[in-house]
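Peer 1: This is the structure, below, for whatever I ask next.
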Amino acid sequence: MPVTHQRKAEVVTELTNELKQAQAVIITNYRTLKVSDLQSIRNELRGMKAGYHIAKNTLLEIALKDAGLPVPTNLLDGPTAVAFLRDDLAGPAKRLNAFFKEKDLPIRGAIVGQTIYDAKGVQELANLPGRKELYASVLGSLQGPASSLVGVLNGALLQLVYVLQAKAEQGEGQA
């Protein structure tokens, strides 16, 4: 049963909305994946606040144009599935990269902002630290100087206490 024009328009609208909300889009092939594999990766990505959808290339091209994104025609060849990364880019990219290595399927590329990346660019995106790692790094950088200041002040107070204690002992010895 062919898809109606109305249903195609709805799909384009859904894809356009997903594209507008996404910070990055990873384009993959899904040809040899089982339905259970697709469901598994979708569930994992959903937990990371990302989405993974199978899309018809012509409808994806229209949605990319509607969302104001570049159209990577060289990446849209054959069966296409698209991951929409919203909040954290590195976490879902790492998971997708590992999943597709495990299934021995190549990742075609990605769109981040207005830039199109090939598979090597997706690999580099997957190597970036995740949101939690970046927060921990920033927090550690902020805590370092404060911790050092506390140590310096604590050392100065200890020296003052030792001096006062020595003076008190000296005063007792003279009395």
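Peer 1: Name the pairs: first residue in the range 42-68 and under 14 Å from residue 19 (Cα atoms), second residue aromatic (Phe, Trp, Tyr), Cβ to Cβ under 7 Å, at least 6 apart or on different chains?
Peer 2: 50/84; 51/84; 54/30
Peer 1: Can you find even one residue in the range 131-141 that is loosely packed, with under 15 Cβ neighbours inside 10 Å, over 26 Å from the mean Cα position of the chain (by Cα), of a type in the set (Gly, Ala, Ser) and modelled with pLDDT under 85?
Peer 2: From the range 131-141, those loosely packed, with under 15 Cβ neighbours inside 10 Å are 131-141; that's our starting set.
Applying the additional criterion that residues be over 26 Å from the mean Cα position of the chain (by Cα) yields none.
No - not one qualifying residue is present in the range 131-141.
Peer 1: Here's something else I'd like to know. Just the residues that are surrounded by fewer than 18 Cβ atoms within 10 Å (Cβ to Cβ) and either aliphatic (A, V, I, L, M) or farther than 15 Å from residue 30 by Cα (or both), please, taken from the range 103-118.
Peer 2: At the first step, the residues of the range 103-118 found to be surrounded by fewer than 18 Cβ atoms within 10 Å (Cβ to Cβ) are 103-106, 113-115, 118.
Of everything in the range 103-118, those that are surrounded by fewer than 18 Cβ atoms within 10 Å (Cβ to Cβ) and either aliphatic (A, V, I, L, M) or farther than 15 Å from residue 30 by Cα (or both) turn out to be 105, 113, 114, 115, 118.
Peer 1: Would you pick out the residues in the range 12-32 that are surrounded by fewer than 18 Cβ atoms within 10 Å (Cβ to Cβ), modelled with pLDDT of 90 or more and among the β-branched types (Val, Ile, Thr)?
Peer 2: Of everything in the range 12-32, just one residue is surrounded by fewer than 18 Cβ atoms within 10 Å (Cβ to Cβ), modelled with pLDDT of 90 or more and among the β-branched types (Val, Ile, Thr), namely 13.
Peer 1: Oh, and also: Can you find even one residue in the range 93-111 that is closer than 16 Å to residue 18 by Cβ, assigned to a strand (DSSP E or B) and either in contact with a strand residue (DSSP E or B) (Cβ under 6 Å, 6 or more places away or on another chain) or free of Cβ contacts under 8 Å to residues at least 60 places away in the same chain (or both)?
Peer 2: In the first step, residues of the range 93-111 are kept if they are closer than 16 Å to residue 18 by Cβ; the result is 96, 110-111.
With the extra rule that they be assigned to a strand (DSSP E or B), the set shrinks to 110-111.
Add one more test, that the residue is either in contact with a strand residue (DSSP E or B) (Cβ under 6 Å, 6 or more places away or on another chain) or free of Cβ contacts under 8 Å to residues at least 60 places away in the same chain (or both), and what stays is 110-111.
Yes; the residues of the range 93-111 include at least one that is closer than 16 Å to residue 18 by Cβ, assigned to a strand (DSSP E or B) and either in contact with a strand residue (DSSP E or B) (Cβ under 6 Å, 6 or more places away or on another chain) or free of Cβ contacts under 8 Å to residues at least 60 places away in the same chain (or both).
Peer 1: Quick check: anything in the range 119-129 touching a residue at least 40 places away in the same chain (Cβ under 8 Å) and surrounded by fewer than 19 Cβ atoms within 10 Å (Cβ to Cβ)?
Peer 2: The first filter runs over the range 119-129 and keeps only residues touching a residue at least 40 places away in the same chain (Cβ under 8 Å), leaving 122, 125.
From what's left, surrounded by fewer than 19 Cβ atoms within 10 Å (Cβ to Cβ): none.
The answer is no; no qualifying residue exists.
Peer 1: A further question on this structure: Give me a count of the residues in the range 53-102 that are more than 18 Å from residue 8 (Cβ to Cβ), among the basic types (Lys, Arg) and exposed (fewer than 15 other Cβ atoms within 10 Å of the Cβ).
Peer 2: Of the residues in the range 53-102, 1 are more than 18 Å from residue 8 (Cβ to Cβ), among the basic types (Lys, Arg) and exposed (fewer than 15 other Cβ atoms within 10 Å of the Cβ).
Peer 1: Find the residue count for the range 7-29, including only residues that are touching a residue at least 24 places away in the same chain (Cβ under 8 Å) and within 21 Å of the chain's Cα centre (by Cα).
Peer 2: Final tally of qualifying residues: 14.
The values are calculated or read from the model by the stated rules, or taken from the named source; none is laboratory data. Bear in mind the structure is a predicted one, so any value in this text is a computation, not a measurement. Don't worry about glycine lacking a Cβ; one is built from the backbone with ideal geometry, like all the others, and counts go over all protein chains shown.
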